[in-house]
Amino acid sequence: DAEITQSPRHKITETGRQVTLACHQTWNHNNMFWYRQDLGHGLRLIHYSYGVHDTNKGEVSDGYSVSRSNTEDLPLTLESAASSQTSVYFCASSESRGQIYEQYFGPGTRLTVT
Amino acid sequence: KQEVTQIPAALSVPEGENLVLNCSFTDSAIYNLQWFRQDPGKGLTSLLLIQSSQREQTSGRLNASLDKSSGRSTLYIAASQPGDSATYLCALGAGSYQLTFGKGTKLSVIP
């Protein structure tokens, strides 16, 4: 069955370190998204991609970057981790099908920045 | 900017009760609305997708409705069970393949 996987599932890192969270989907979807989920804020969009070599900034993109070199993967990099980036990160994907787009989510990565 | 509100933030009901979860939005120019379920420490599971041209969708004990003119969607759960306990989120798609999420309603079904 098609799925989205994220790794690692849990990560503890120190302030100032570079961290990369992996996202891999086997749906063959063009669109991929990164969200963070925090109490009181809900899900907020960080970055998204509509296809290979395409990346776009979302609502809360400062301090994060992504690159898309193939259809299956969209890694999220925290350039210099900050305590404010402690959160749960979700990757999602959807196909491009006119105006109808159903997003499918990965299991999440819980990141703690100390 | 689209705003999505889910009230109440938490709801507790006895097992077997029928219940309704609410989702309201400010901009009726939407393409689709998606309801998700999230269990503690888990990802989001898609429950139902309603296209803007549809009024409702059904899956088993779940029924979701959409009224664009009033900016509302409801998720009806029939004969609730303890296994239905989770957080339910609604999300609106209004272009560019992006979703705007509500903050969710945490449902507890008491045996």
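Given B:Leu62, B:Leu49, B:Leu33, which one is within 12 Å of the chain's Cα centre (by Cα) and farther than 30 Å from A:Cys23 by Cα?
On the way: B:Leu49 fails: farther than 30 Å from A:Cys23 by Cα; B:Leu33 fails: farther than 30 Å from A:Cys23 by Cα.
One residue alone meets the criteria, B:Leu62.
Enumerate the strands (runs of 3 or more DSSP E) found wholly within the range B:1-64, keeping only those where 3 or more residues are within 14 Å of chain A (Cβ to nearest Cβ). Can you show your working first?
Numbers: elements: B:10-14, B:19-25, B:32-38, B:44-51, B:56-59.
Per the criteria, B:32-38, B:44-51.
Residues of the range B:93-111 that are surrounded by 18 or more Cβ atoms within 10 Å (Cβ to Cβ) and more than 14 Å from every other protein chain (Cβ to nearest Cβ): B:Leu107, B:Val109. Answer yes if at least one residue in the range B:93-104 is of a type in the set (Gly, Ala, Ser) and not in a loop (DSSP other than H, G, I, E, B), and no otherwise. Checking the range B:93-104: at least one residue is of a type in the set (Gly, Ala, Ser) and not in a loop (DSSP other than H, G, I, E, B).
I'd like the residue in the range A:56-114 that is among the β-branched types (Val, Ile, Thr) and over 17 Å from A:Leu45 (Cα atoms) and, out of all such residues, is surrounded by the most Cβ atoms within 10 Å (Cβ to Cβ).
Here is the first cut: in the range A:56-114, the ones among the β-branched types (Val, Ile, Thr) are A:60, A:66, A:71, A:77, A:86, A:88, A:100, A:109, A:112-114.
Now drop any that are not over 17 Å from A:Leu45 (Cα atoms), which leaves A:71, A:100, A:112-114.
Values: A:Thr71: 17, A:Ile100: 16, A:Thr112: 13, A:Val113: 19, A:Thr114: 9.
Here the residue is A:Val113.
Scanning the range A:69-90 for residues that are part of a strand (DSSP E or B), more than 9 Å from chain B (Cβ to nearest Cβ) and either among the charged types (D, E, K, R) or in contact with a Pro (Cβ under 9 Å, 6 or more places away or on another chain) (or both) gives a single hit, A:Asp73. In the range B:78-91, the residue that is surrounded by the most Cβ atoms within 10 Å (Cβ to Cβ) out of those that are of a type in the set (A, V, I, L, M, F, W, C) and under 10 Å from the mean Cα position of the chain (by Cα) is B:Cys90.
Collect the residues in the range B:76-92 that are within 12 Å of B:Ser12 (Cα to Cα) and within 12 Å of chain A (Cβ to nearest Cβ), keeping them in residue-number order. Steps first, answer last, please.
Pass one, the range B:76-92, residues within 12 Å of B:Ser12 (Cα to Cα): B:80-82, B:84-87.
Correct list: B:Thr87 only.
Would you say A:Tyr35 is under 22 Å from B:Glu3 (Cα atoms), modelled with pLDDT of 95 or more and touching a strand residue (DSSP E or B) at 6+ places or on another chain (Cβ under 8 Å)? So A:Tyr35 passes the test.
Considered as a group, the residues in the range B:6-21 that are within 16 Å of the chain's Cα centre (by Cα) and surrounded by 14 or more Cβ atoms within 10 Å (Cβ to Cβ) include one that is farthest from B:Pro82 (Cα to Cα), and that residue is B:Gln6. Here the range A:5-49 is the region considered, the condition is being within 14 Å of another protein chain (Cβ to nearest Cβ) and hydroxyl-bearing (Ser, Thr, Tyr), and the residue that is farthest from A:Ser87 (Cα to Cα) is A:Ser49.
If you scan the range A:1-25, which residues turn out to be crowded, with 16+ Cβ neighbours inside 10 Å and of a type in the set (A, V, I, L, M, F, W, C)?
Initially, the range A:1-25 is screened for residues crowded, with 16+ Cβ neighbours inside 10 Å, giving A:4, A:6, A:11, A:13, A:19, A:21, A:23-25.
Once the filter is applied, which keeps residues that are crowded, with 16+ Cβ neighbours inside 10 Å and of a type in the set (A, V, I, L, M, F, W, C), the range A:1-25 yields A:Ile4, A:Val19, A:Leu21, A:Cys23.
Just to be sure before I move on: is A:Gly98 part of a loop (DSSP other than H, G, I, E, B), at the interface with chain B (Cβ under 9 Å from one of its Cβ atoms) and over 28 Å from B:Thr87 (Cα atoms) in the structure I sent? So A:Gly98 passes the test.
The values are calculated or read from the model by the stated rules, or taken from the named source; none is laboratory data. No experiment lies behind these values; they were computed from the predicted model shown. Here the Cβ is made from the backbone with ideal geometry for all residues, glycine too, and neighbour counts use every protein chain on show.
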